[in-house]
Amino acid sequence: MPATSRLVLASPGRTPPTGTGSNPQEEDETLTKSEFVEQISSGFDSKKAAADAVDAVLDGITNSLAGGGEVNFTGFGKFSVAERGPRQGVNPRTGERITIAGGKVPKFSAGAGLKSKVKGG
């Protein structure tokens, strides 16, 4: 993943919800990968070690999902592969109805610990 990638979970074409201001970390909710590495680097010997750790985790999740597996972090959440069925769409140029092929898509389900922390519990 390039250093300019954003770690955001949002539906395509939609922006993430804006903060309410009740949490000081909500001022800028979106972190780039390099900002995330900077944030966690204090727990590592160097910034490079932190970047390597982030890359290793992301690569491990990606490779597991690409192989059809799933990754479960108890309390945090589960990464899995979902099967999307074919669906009807419309060609915007011609207005013709078309069938959009289904396929596999990555999926994340938040765990109880993460949900509780996000809710403020």
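Taking 0.36 nm per residue of separation and subtracting the Cα-Cα distance, full extension of the segment from D45 to E83 would add 9.6 nm.
Karplus-derived 3J(HN,Hα) values for segment 58-75, using 6.51 cos²θ - 1.76 cosθ + 1.60 with θ = phi - 60°, are 5, 5, x, 5, 4, 5, 5, 5, 4, x, x, x, 9, 10, 10, 10, 3, x Hz; glycine and proline are entered as x.
Throughout, read-outs are computed from the coordinates displayed, never taken from laboratory work. Treat the numbers as computed from the prediction; the structure is a model and nothing was measured.
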